[in-house]
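Chemist: Dropping a structure here in structure tokens format, bear with me for questions.
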Amino acid sequence: MSPNASNPLNADGEAVDVPRLVQLAKEGNEAAFGELMQAYYARVYGLLKGIVRHEDDARDLSQQVWVKVWHKLDSFKGDSDFYTWLYRVATFAGLDFVRKRKRQREVELSEAMEPNRDADAILPPSLTSRPDSAAQTAEIQTVFERALETLSPEHRTALMLREVEGLSYDEIAQVTGCRRGTVMSRIFYARKSIQEQLKDVR
Amino acid sequence: MNKERAEYWLSQALDGELSPRRQRRLEKALAKDPSLADLREQWLAIGLSCRAQTVEPPQTPEAAWQDVQRAIRLSADESTQRSPSFFGGLWRWSLSAAAVLMLSVGIWWGSRPVDYTRAVIPLAERTQVEWVESDLPDAISMVYEDGDTGITVIWVMMDDVQEDNGHAG
């Protein structure tokens, strides 16, 4: 079973029994909640960072989200998978934070996030195989990050939930509280928008 | 198939959300249109770049859990401080109840119907009308207290009216 949002792994690489941990945590078992939190920590952090685009903010927000999840766990009825409920809490917290922050979109990228050192290894050959690929890749990466910045938090969230978390349209609709058709068009628009901005550097 | 629809379907196909029938039509369009195939490559690259965005969290899960645990306990302490002790609660409850009682009495007092004859007249000194003076020529006055209502009635009569009244009476 490959690790994904519904099948997270613990620190020892073993599959986590999410429903059991959720039940124990709802009964007040802090250790069970700790195990649950650690299994999803990186994913929630990644999702929040994708939304708020700032490492320190994502870290603080991540902590707040987990405290909120602990207090609100009783409201999770188990009608959906735990991770969709968890992502919903995190997504709303992230979007709310972004709205309140109203920070200028032109944040210095170097402050906003560390440059990705592994970009060469991860970007597809079509983006890295040119003779001047190192400079080209760095430029593409920068433009890509800027393009992500220009998306609305809602569009960015939909794209990240799809591309990073691998959620289906229905799951994204559940997480973001909008319709499936809206999810579809947000992802389409996000791709088109980023592609338009990357066109000039290719 | 027009280009916009093909692109829209392409986006859904990349996400595995396109129906098999549409998928087949899209495949045909991709085979015919190199620009559409190029777009697919670009969008796949965007997906990879999105995944490349994910960086390691600044803390280990264990360290993050310790912080969260601390924050949970802190929030529990704050909540305990906010919720009063039994006696503190009783005191506040009593104060609230007294305030509500006083308010209720005030509202009742203010909204009860006022009997002006009982509330105002007894406080005033009763006026005794003994006589009435009039500027009307040859008019005479008569003052009496109506037995049924207790109201003082003042009659001012002219001679001719008196005669009429006399006739009437």
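The values are calculated or read from the model by the stated rules, or taken from the named source; none is laboratory data. Remember, it's a predicted structure, so these values are computed and weren't measured experimentally. Ideal geometry is used to build each Cβ from the backbone, glycine not excepted, and the neighbour counts take in all protein chains shown. Accessible surface areas use protein heavy atoms only, side chains included; no ligands, DNA or RNA. Shrake-Rupley method; radii C 1.70, N 1.55, O 1.52, S 1.80 Å.
Chemist: Run down B:Pro61, B:Pro57 and say which single residue is surrounded by 13 or more Cβ atoms within 10 Å (Cβ to Cβ), facing another protein chain (nearest Cβ under 7 Å) and modelled with pLDDT of 90 or more. Walk me through how you get there before you give the answer.
Modeler: On the way: B:Pro57 fails: modelled with pLDDT of 90 or more.
Exactly one residue qualifies, and that residue is B:Pro61.
Matching residues to (1) in contact with a Cys (Cβ under 7 Å, 6 or more places away or on another chain); (2) open to solvent by less than 50 Å² (accessible area, probe 1.4 Å); (3) of a type in the set (A, V, I, L, M, F, W, C); (4) within 17 Å of A:Val89 (Cβ to Cβ):
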position: A:Ala5; (1), (2), (3), (4): no, yes, yes, yes
position: A:Leu9; (1), (2), (3), (4): no, no, yes, no
position: A:Asp12; (1), (2), (3), (4): no, no, no, no
position: A:Pro19; (1), (2), (3), (4): no, no, no, no
position: A:Lys26; (1), (2), (3), (4): no, no, no, yes
position: A:Ala31; (1), (2), (3), (4): no, no, yes, no
position: A:Leu36; (1), (2), (3), (4): no, yes, yes, yes
position: A:Ala42; (1), (2), (3), (4): no, no, yes, yes
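Chemist: Can you tell me which residue within the range A:56-100, out of those that are at pLDDT below 90 and assigned to a helix (DSSP H, G or I), is farthest from the other protein chains (Cβ to nearest Cβ)?
Modeler: It comes out as A:Arg99.
Chemist: Please specify each residue of the range A:148-202 satisfying the condition of being closer than 24 Å to A:Asp81 by Cα and β-branched (Val, Ile, Thr).
Modeler: A:Thr157, A:Val164, A:Ile172, A:Val175, A:Thr176, A:Thr182, A:Val183, A:Ile187
Chemist: Within the range B:14-34, restricting attention to residues that are touching a Lys or Arg at 6+ places or on another chain (Cβ under 8 Å) and assigned to a helix (DSSP H, G or I), which residue is nearest to A:Ile172 (Cα to Cα)?
Modeler: B:Leu14
Chemist: Criterion first (open to solvent by less than 10 Å² (accessible area, probe 1.4 Å) and over 19 Å from the mean Cα position of the chain (by Cα)) does A:Leu47 satisfy it?
Modeler: Taking the combined requirement at face value, the residue does not satisfy it.
Chemist: To continue, here is another question. Which ones in the range B:1-41 are open to solvent by less than 30 Å² (accessible area, probe 1.4 Å) and within 8 Å of another protein chain (Cβ to nearest Cβ)?
Modeler: B:Glu7, B:Ser11, B:Gln12, B:Asp15, B:Leu39, listed by residue number.
Chemist: Further question on the same structure: Please go through the range A:33-55 and pick out each residue that is of a type in the set (D, E, K, R), assigned to a helix (DSSP H, G or I) and within 24 Å of A:Ala173 (Cβ to Cβ).
Modeler: Correct list: A:Arg43, A:Lys49.
Chemist: Which one of A:Ala58, A:Ala25, A:Ala42 is more than 25 Å from A:Ala158 (Cβ to Cβ) and of a type in the set (A, V, I, L, M)? I'd like the intermediate steps shown before the answer.
Modeler: Details: A:Ala58 fails: more than 25 Å from A:Ala158 (Cβ to Cβ); A:Ala42 fails: more than 25 Å from A:Ala158 (Cβ to Cβ).
The conditions single out A:Ala25.
Chemist: Right, another one. From the set of residues in the range A:140-170 that are among the polar types (S, T, N, Q) and out of contact with any helix residue (DSSP H, G or I) (no Cβ under 8 Å at 6 or more places or on another chain), which is surrounded by the fewest Cβ atoms within 10 Å (Cβ to Cβ)?
Modeler: Once the filter is applied, the top-ranked residue is A:Ser152.
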